[in-house]
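Worksheet: one structure, shown below.
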Amino acid sequence: MHQENQTTISEFILLGFSNQVEQQKIVFVLFLSMYLVTMVGNGLIILAIGLDSHLHTPMYLFLANLSLADMSSTSTSVPKMLINIQTKSQAISYDNCITQMYFFIVFVTTGNFLLGVMAYDRFVAICHPLNYMTIMQPRLCALLTGIPWVLGNVVAMTHTSLLIQLVFCDKNIIPHFFCDLAPLLKLSCSDTMVNELVLFVLGLSVITFPFILILFSYIRIVSTVLRISSTERKWKAFSTCGSHLTVVLLFYGTIVGVYFIPSSAQPDDRDKIGAVLFTVVTPMLNPFIYSLRNKDMKSALRKILNRKRFLPLMPWTSKSPSSL
Ligand SMILES: *[C@@H]1O[C@H](CO)[C@@H](O)[C@H](O)[C@H]1NC(C)=O
């Protein structure tokens, strides 16, 4: 049953967004800027959380993991696209294409499950505030961050091992800007029934499980918050989950907007727009949502940015005065 050798295609062509030079220039500048903002924003979040011991709490460790997943998923797709525009080549080798797809699935799946874990964390913090520290022990915390990464790899391995069974005969043009699973399946000349079934089932689970966790958590959070009598404390309780809720709404709002609202866009274009929103725009916005709304995050970032020299950033010198 070894069919890998029958694959006659050694490379794929990624059409990207446009083949007109002027438009390509705009796409290049736009995506390079968004990529840099994403890397700097999420990088600062990881740095701020890593360096500030006040932020060594479960909520921020989950957030740092989300930032890592976001940085990584953007990095699987955008740099290759930028290089292809710059070198005026649209090719990607078969192996690179499969690798790109694998890591893209890992990071997107992980990020998705982390959103669910973060909702659960807020649920415990708001509905069981007195037991929060006893429930969120380092071991549970490590488990809750580990599971999304393991699941991400399991999902990606499943898709990839099914994909490499497929034979690609003559079609090798991907109307997309990176090697995503769905457009690859359309190019194969094998029967892709099983692949599509698995894509549907796993895709649905990856969206549904975190969604149910988020829904459950927020139903409990809202009912707890509503029972608080003082308005001030109500707001305080709610503000600790405001950033997470914003990210969640942005994420699921995008899914609904792209895939459920009928539009006149071509299916290929719609997939591309969806991919841009999930892989580039949402990861770029997450740091802003978290750091703009959160006082502790803001002060940790201010500490980093106020340092005039890079040296005091190093952990071993962090006790030196920072205001020079
Ligand atoms: C992810 O979470 C784990 C455990 O909760 C933590 O040890 C690790 O530092 C986090 N990763 C990042 C990049 O902060």
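The values are calculated or read from the model by the stated rules, or taken from the named source; none is laboratory data. Predicted model only: the values in this text are computed from it and were never measured. In this analysis, Cβ positions are derived from the backbone assuming ideal geometry, glycine residues included, and neighbour counts consider all displayed protein chains.
Table: residues versus (1) farther than 18 Å from Leu163 by Cβ; (2) out of contact with any Gly (no Cβ under 8 Å at 6 or more places or on another chain).
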| position | (1), (2) |
| --- | --- |
| Phe12 | no, yes |
| Asn42 | yes, yes |
| Phe62 | yes, yes |
| Pro79 | yes, yes |
| Asn84 | yes, no |
| Ser89 | yes, yes |
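Yes/no per residue for (1) within 20 Å of Thr57 (Cβ to Cβ); (2) under 20 Å from the mean Cα position of the chain (by Cα); (3) modelled with pLDDT of 90 or more:
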site: Lys88; (1), (2), (3): no, no, no
site: Ser93; (1), (2), (3): no, no, yes
site: Cys97; (1), (2), (3): no, yes, yes
site: Phe104; (1), (2), (3): no, yes, yes
site: Asp121; (1), (2), (3): yes, yes, yes
site: Cys127; (1), (2), (3): yes, no, yes
site: Leu130; (1), (2), (3): yes, no, yes
site: Gln137; (1), (2), (3): yes, no, yes
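Quick one: which helices (runs of 4 or more DSSP H) sit completely within region 129-217 and have at least 3 residues that are of a type in the set (S, T, N, Q)?
Numbers: elements: 132-135, 138-163, 181-187.
By residue number, 138-163.
Within region 31-63, track down each residue that is of a type outside the set (Gly, Ala, Ser), in a helix (DSSP H, G or I) and surrounded by fewer than 15 Cβ atoms within 10 Å (Cβ to Cβ).
Leu36, Val40, His54
Quick one: Gly16 ticks every box in (1) crowded, with 16+ Cβ neighbours inside 10 Å; (2) at pLDDT 90 or above bar one, so which box is it?
(2)
State all residues of region 81-97 that are outside any helix (DSSP H, G or I) and either within 12 Å of the ligand (Cβ to nearest atom) or of a type outside the set (Val, Ile, Thr) (or both); if no residue qualifies, say none.
Lys88, Ser89, Gln90, Ala91, Ser93 - these are the residues of region 81-97 that are outside any helix (DSSP H, G or I) and either within 12 Å of the ligand (Cβ to nearest atom) or of a type outside the set (Val, Ile, Thr) (or both).
Please count how many residues of region 176-206 are β-branched (Val, Ile, Thr) and surrounded by 13 or more Cβ atoms within 10 Å (Cβ to Cβ).
3
Would you point out the residue of region 43-80, among those that are touching a residue at least 60 places away in the same chain (Cβ under 8 Å) and away from the ligand (no atom under 13 Å from the Cβ), that is farthest from the chain's Cα centre (by Cα)?
Applying the filter and picking the extreme gives His54.
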